[in-house]
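S.K.: Sharing a structure below in structure tokens format, with a few things to ask.
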Amino acid sequence: MEWEGGDITDQTCDATAAAEVDSARNTGTSRPLSIRGEGAVGTLGHLEAAFAEKDALLSGVWRRAWWAEDEGGHAVESERRDGATEVVPTRGRSTDRASAPTTTTTTPRQHGAAASSSDELGLLLETFRQWTWLPLRPAGDSPPPLLSTTVDTSLLRKRSWAGVQPAHRAIVWKLLLGYCPTRADRVARVLERQRDEYWRSAEELLSSAGRPPRPPSLPVSAEASASRRQIDMDVPRTSPAHRLFHTAEMQAAMKRILQLWSVRHPASGYVQGMNDILLPLLYVCYADHDPSRVQPHDQSLDAAGATALPLAEADAYWCLCALLSTVQDQYTFAQPGIQKRVRYLRDLIQRVDAPLCDHLDRCGIDFMQFSFRWMNCLLVREFPFPLVLRLWDAYLSEQGAFASFHVYVCAALVERFSATLQRLDFQEMVMFLQHLPTAEWNEDDVTMLLSQAYLWRSLFEGARRV
Amino acid sequence: MSGRLEDEYDYLFKIVLIGDSGVGKSNLLSRFTRNEFNLESKSTIGVEFATRSVQTNGKTIKAQIWDTAGQERYRAITSAYYRGAVGALLVYDIAKRSSFENVERWLKELRDHADQNIVIMLVGNKSDLKHLRAVSTDEGTKYAEARHLSFIETSALDATHVEEAFVSILSEIYKLVHKRGLVGGEAGAAGSSKAGGPMYRAGQVETISVTDGAEDGRSSRKRCCG
């Protein structure tokens with residue numbers, strides 16, 4: 001039997017390329033770009049010309065530091081020699097300014113330059129990040145110009161593998177999922193269009209929801225209404241420990257995202273567990289408006305959070321689309337993707353730890369009994385939330401990792417407990433594997449898991465089965 | 001994790017919990033096995049598993065209970081867990097009419113995937129929600145009688161009849177086992193090697209269990225004693 005690791009990724013989606021194509025398709029159909037204040041948008045060529053002109057005007061030192069004013073409304077800034085402006089966030093920020101995302105440092109870049117060193121990458125990411133929050137900025141203000149600058153995605157992937165700092169996580173995830181374009185001058189346009197589309201669709205969907213009864217020409221399928229009921233039932237049951245997700249605003253956001261996804265993906269519709277997968281995405285997109293303050297345990301949204309959420313919600317929807325497109329076969333009828341990956345997991349364990357595999361067989365353990373949820377929820381339920389984010393940083397460092405590399409991580413997870421498992425009988429093992437003792441884990445544990453998985457993947461992926 | 005002492009039992013019966021999403025299957029299980037109830041429990045993904053031993057008819061019976069996810073999409077996967085099950089608690093929510101109406105579909109699920117001798121108990125859960133009741137006790141009773149199922153109303157929240165439900169189905173299975181004489185006599189694999197057979201004997205020298213319901217033709221095997 002030929003055994004190829006790549007085989008388990010059915011639908012590797014080149015989301016980045018797709019976003020670029022999308023971006024290129026962007027024509028006068030989108031709203032005028034309020035960000036530029038240059039009137040209606042014409043063709044891409046017009047845009048480029050307009051941006052180039054603005055770039056020339058704005059080149060030089062970026063002086064304004066409007067996003068970090070102190071209580072008295074004075075900007076706190078210090079000019080650096082290289083022309084960058086370092087902004088010192090002030091303590092005790094008042095909520096009325098909170099709609100402006102917090103930031104640390106920005107730097108102007110030369111037209112057409114690609115960031116290469118990791119330091120520069122950090123600065124570039126920060127500026128990209130600011131562009132994603134553009135709609136929340138006071139009128140007339142724009143972030144530092146970065147025209148035609150491109151993020152070096154290979155460097156980004158390398159960095160993401162080792163974990164992303166919370167302040168950059170959202171922008172890195174958006175870039176690596178292909179939602180945010182890698183060319184700076186496209187960020188604002190593409191995100192605005194995507195957010196508009198999300199909200200248009202969501203409003204359409206919700207206005208047609210049930211009441212008053214839809215005309216017969218628009219029948220609601222039994223599956224669609226079942227999905228809707230299931231979403232309404234599952235969203236309140238999502239991660240009870242994290243109160244942030246149980247605020248009315250977040251609950252409504254999660255329901256809208258999942259319902260829209262479900263309606264737009266009738267081949268699978270909503271499947272239980274997608275609510276779990278949405279959590280890291282929604283959290284990261286939302287927390288980005290103030291990464292140092294937002295916590296999953298927050299009891300409520302402050303004014304800044306409430307302002308940021310509609311943008312974050314749309315972002316999370318598109319990120320969910322991008323992520324699920326790589327593992328869609330897990331959620332269609334009979335969940336073939338999960339069955340395939342669970343078999344693959346067993347094959348891996350057999351290769352790397354035959355005694356454990358024998359023990360599992362002797363005891364009558366079916367891998368499906370414990371690893372179904374690992375596949376279905378992409379390990380979200382198995383680790384403390386911050387570690388899930390760390391794990392996904394690494395997953396996002398390569399395309400298709402949620403479908404293929406994930407299985408190696410699951411294998412490393414089983415193997416990690418090999419000695420313990422071999423002392424347990426059937427039922428102890430099922431219970432152990434269904435409630436892994438990972439509550440006290442820290443980042444080092446995840447790093448070890450990733451290293452082991454990486455090693456095995458390089459050994460076995462594409463290898464012929466023995 | 002269960003201790004070794006708990007492993008001394010006379011019979012091991014595999015029970016499945018089925019029924020619509022949100023009717024309270026997981027809380028019935030946690031109430032019975034750990035005496036816990038969680039108003040904010042997460043949805044079950046795939047299957048979850050717990051055990052508890054009870055004394056009935058002078059015997060120690062160990063229940064190995066599989067709690068399944070309620071969503072339709074999971075059925076192709078979860079139906080594998082019906083194999084080897086000797087009992088099923090088919091749960092609906094007394095405050096949710098649709099979950100009662102779906103009982104028929106769940107019975108069909110069992111007919112299609114479970115052993116034909118499986119003992120089924122219909123369970124109307126959430127009996128504490130008196131003011132929201134949408135299915136009367138009488139209706140549940142009549143439905144169960146018509147289909148020769150036993151019936152009980154429970155509340156995992158206030159623990160009403162939860163113990164009774166599990167003990168009663170285990171005891172019913174035990175009696176059936178005796179009546180049919182399928183279990184008893186010699187211990188050992190030979191006596192209970194019928195693929196998919198519903199009755200298993202456990203304990204003593206060799207222990208037979210139904211731990212591998214997912215594989216055809218391997219439905220009984222020796223327990224691994226670690």
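The values are calculated or read from the model by the stated rules, or taken from the named source; none is laboratory data. Quantities reported herein were computed from a predicted structural model and do not represent experimental measurements. Don't worry about glycine lacking a Cβ; one is built from the backbone with ideal geometry, like all the others, and counts go over all protein chains shown. Heavy atoms of the whole protein, side chains included, go into the accessibility calculation; ligands, DNA and RNA do not. Shrake-Rupley method; radii C 1.70, N 1.55, O 1.52, S 1.80 Å.
S.K.: Select from the range A:347-370 the residues that are open to solvent by 50 Å² or more (accessible area, probe 1.4 Å) and more than 12 Å from chain B (Cβ to nearest Cβ) and list them in ascending order.
M.R.: Of everything in the range A:347-370, those that are open to solvent by 50 Å² or more (accessible area, probe 1.4 Å) and more than 12 Å from chain B (Cβ to nearest Cβ) turn out to be A:Q350, A:R351, A:P355.
S.K.: Can you pull out every residue in the range A:247-264 that is surrounded by 18 or more Cβ atoms within 10 Å (Cβ to Cβ) and either of a type outside the set (A, V, I, L, M) or under 21 Å from A:P384 (Cβ atoms) (or both)?
M.R.: Across the range A:247-264, the qualifying residues are A:M250, A:M254, A:K255, A:R256, A:Q259, A:W261, A:S262.
S.K.: Hey, another quick one. Please specify each residue of the range A:296-312 satisfying the condition of being in contact with a Lys or Arg (Cβ under 7 Å, 6 or more places away or on another chain) and surrounded by 23 or more Cβ atoms within 10 Å (Cβ to Cβ). Step through it out loud before you land on a result.
M.R.: Initially, the range A:296-312 is screened for residues in contact with a Lys or Arg (Cβ under 7 Å, 6 or more places away or on another chain), giving A:297-299, A:311.
The one that is in contact with a Lys or Arg (Cβ under 7 Å, 6 or more places away or on another chain) and surrounded by 23 or more Cβ atoms within 10 Å (Cβ to Cβ): A:L311.
S.K.: Further question: Can you find a residue that is open to solvent by less than 10 Å² (accessible area, probe 1.4 Å) and more than 24 Å from A:A287 (Cα to Cα) anywhere in the range A:382-392?
M.R.: no
S.K.: Applying the selection to the range B:119-145, what residues are farther than 16 Å from B:A165 by Cβ and open to solvent by 20 Å² or more (accessible area, probe 1.4 Å)?
M.R.: In the first step, residues of the range B:119-145 are kept if they are farther than 16 Å from B:A165 by Cβ; the result is B:129-136, B:138-139, B:142-143, B:145.
Hits for the range B:119-145 are B:L129, B:K130, B:H131, B:L132, B:R133, B:A134, B:S136, B:D138, B:E139, B:K142, B:Y143, B:E145.
S.K.: Going through A:Q339, A:Q335 one at a time, which residue ends up being crowded, with 23+ Cβ neighbours inside 10 Å, closer than 15 Å to B:G46 by Cα and of a type outside the set (V, I, T)? Write out each step before concluding.
M.R.: On the way: A:Q339 fails: crowded, with 23+ Cβ neighbours inside 10 Å.
Going through A:Q339, A:Q335 in turn, just one is crowded, with 23+ Cβ neighbours inside 10 Å, closer than 15 Å to B:G46 by Cα and of a type outside the set (V, I, T): A:Q335.
S.K.: Test A:Q399 against the stated conditions and say whether it is away from every other protein chain (no Cβ under 13 Å), of a type outside the set (S, T, Y) and free of Cβ contacts under 8 Å to residues at least 40 places away in the same chain.
M.R.: no
Yes/no matrix, rows are residues, columns are (1) at pLDDT below 95; (2) closer than 30 Å to A:Y179 by Cα; (3) within 14 Å of chain B (Cβ to nearest Cβ):
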site	(1), (2), (3)
A:L387	no, yes, no
A:W441	no, no, no
A:D444	no, yes, no
A:E461	yes, yes, no
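S.K.: Quick one: which residue in B:N57, B:N27 is surrounded by 19 or more Cβ atoms within 10 Å (Cβ to Cβ), touching a Ser or Thr at 6+ places or on another chain (Cβ under 7 Å) and among the polar types (S, T, N, Q)?
M.R.: Answer to the selection: B:N27.
Rundown of residues vs (1) under 11 Å from the mean Cα position of the chain (by Cα); (2) open to solvent by less than 10 Å² (accessible area, probe 1.4 Å), yes/no style:
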{"site": "B:Y9", "(1), (2)": "no, no"}
{"site": "B:G46", "(1), (2)": "no, yes"}
{"site": "B:K62", "(1), (2)": "no, yes"}
{"site": "B:Q71", "(1), (2)": "no, no"}
{"site": "B:Y82", "(1), (2)": "yes, yes"}
{"site": "B:L90", "(1), (2)": "yes, yes"}
{"site": "B:K96", "(1), (2)": "no, no"}
{"site": "B:E104", "(1), (2)": "no, no"}
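S.K.: Just a yes or no: is a residue in the range A:189-202 at pLDDT 95 or above, within 14 Å of chain B (Cβ to nearest Cβ) and under 25 Å from A:R129 (Cα atoms)?
M.R.: Within the range A:189-202 (the criterion being at pLDDT 95 or above, within 14 Å of chain B (Cβ to nearest Cβ) and under 25 Å from A:R129 (Cα atoms)), the answer is no, since none of the residues qualifies.
S.K.: For a quick check of your reading of the model, give me the residue pairs whose first member lies in the range A:262-288 and is at positive phi, whose second is part of a loop (DSSP other than H, G, I, E, B), with beta-carbon atoms closer than 6 Å and at least 6 apart or on different chains.
M.R.: Here the result reads A:G273/A:C377; A:G273/B:I45, each pair linking the range A:262-288 to a residue that is part of a loop (DSSP other than H, G, I, E, B).
S.K.: What is the number of the single condition among (1) within 9 Å of chain B (Cβ to nearest Cβ); (2) under 18 Å from A:F432 (Cα atoms) that A:N376 does not meet?
M.R.: All conditions are met except number (2).
S.K.: Continuing with the same structure: Condition first: more than 23 Å from the chain's Cα centre (by Cα) and away from chain B (no Cβ under 14 Å). Can you find one or more residues in the range A:402-411 that meet it? If you could, list the steps in order and put the result at the bottom.
M.R.: First pass over the range A:402-411, keeping only residues more than 23 Å from the chain's Cα centre (by Cα): A:411.
The next check asks that each one be away from chain B (no Cβ under 14 Å); those that pass are A:411.
Yes, the range A:402-411 has at least one match.
S.K.: State whether one or more residues within the range A:425-434 are away from every other protein chain (no Cβ under 12 Å) and in a loop (DSSP other than H, G, I, E, B).
M.R.: No.
S.K.: Using the structure shown, decide if B:V86 is closer than 11 Å to B:I18 by Cβ and among the aliphatic types (A, V, I, L, M).
M.R.: When the stated conditions are applied, B:V86 does not pass them.
S.K.: A follow-up question, please. For the structure I just gave you, tell me whether A:G163 is modelled with pLDDT of 90 or more and open to solvent by less than 40 Å² (accessible area, probe 1.4 Å).
M.R.: The answer is yes for A:G163.
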